[in-house]
1. Using a cut-off of under 11 Å, list every residue of the range 36-53 whose amide N is near the label point 7 Å from the Cα of A72 along the Cα-to-beta-carbon line.
2. In nanometres, what is the gap between the two model label sites at N138 and E42, each 7 Å from Cα along Cα-to-Cβ?
3. Computed over the Cα atoms of the range 174-241, what is the ratio Rg over Rh, Rh following Kirkwood?
4. Among P147, N189, T166, whose Cα projects farthest towards the positive end of the dipole of the chain, with charges put on the beta-carbon of Lys, Arg (+1) and Asp, Glu (-1)?
5. How high is the FRET efficiency from S104 to K155, r the C-beta distance, R0 30 Å, rounded to 0.05?
6. Which angle between 0 and 90 degrees, to the nearest 10, do you get for helix 53-68 versus the longest principal axis of the chain when only C-alpha atoms count?
7. Tell me the mean residue ellipticity at 222 nm calculated for the chain from its helices only (DSSP H runs of n ≥ 4, each -39500 (n - 2.57), averaged over every residue, nearest 500).
8. Under 5 Å between amide hydrogens, which residues at least 5 positions from Q122 or on another chain qualify, with H placed 1.01 Å from N in the peptide plane?
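Quick note: the coordinates plus some simple rules give every number you see, no bench work behind them. Quantities reported herein were computed from a predicted structural model and do not represent experimental measurements. Positions of Cβ are backbone-derived with ideal geometry, glycine not excepted, and every protein chain shown enters the neighbour counts.
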Amino acid sequence: MTYCVGLLLDAGMVLLSDTRTNAGLDNIATYRKMFTFEEPGERVVAIMTAGSLSVTQTALARLREAIDEGDATGETSIMLAPTMLKVAEIVGNTLAQVRQDIESRMEASKVSTAASMIVAGQRRGGAMRMFLVYPEGNFIEATEDTPYLQIGEHKYGKPILDRVVTPATSIADARKAVLLSMDSTLRSNLSVGMPLDLAVIEKDACRVTERQRIEKNDAEFARMSAAWSEALRDGFTRISI
């Protein structure tokens, strides 16, 4: 399993993913689940993945091949698509096709081929946009009412986002919110694990403006986790019924 979260704010976008992949208690590995594609100043596209590793890796490989094709067009390449909506359509179509191809070969073994993606980015002159792409290829978009999207094991990290995140949230506070959301998930579900990948895309930069790999022994993350636990315990004791 996994947990990925993306925030769409007035000031930019903040993305966070874990890296744990498991196929049983004795088969746990680390795989990157956040991928970025950039032409700095012109276009940036970030993709986070959850679900079947074979499906997501194959889909990303096909997206990369489409970018490198000599006859690539705005209909086939996420780096040439005229809008972020078209980017989401290309990703959705690719994900759905890969899932169908693999599912037809794996039908007898009844192995899950479900996979989903968060697609976020901006092209020069366009608005920042963020989409959640479902296994069937359809998608929904982050809005002012719901300025964040999650995939994977999302239920543990959702409450803090509901309480503190709005489009006006600063990048600094958003960074803290996604890390605390992840911390809650790490404590409640062993199928989500470190290291973590964090990316920030500031508005109109059209590039990744901050990129960080947070390892298991990261002192800042440990300090924040301990402070959050203490704040929750303190708040709990202060409430009377």
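1. 37-39, by backbone N distance to the label point.
2. 3.5
3. Numbers: Rg = 14.9 Å, Rh = 13.8 Å.
In the range 174-241, Rg relative to Rh is 1.08.
4. Positive-most Cα among the choices belongs to N189.
5. Values: r = 31 Å, r/R0 = 1.05.
With a Förster radius of 30 Å, E is 0.45.
6. Relative to the chain, helix 53-68 is tipped by roughly 50 degrees.
7. Numbers: 5 runs with 84 residues, N = 241.
So the calculated ellipticity at 222 nm is -11500 deg cm²/dmol.
8. V44
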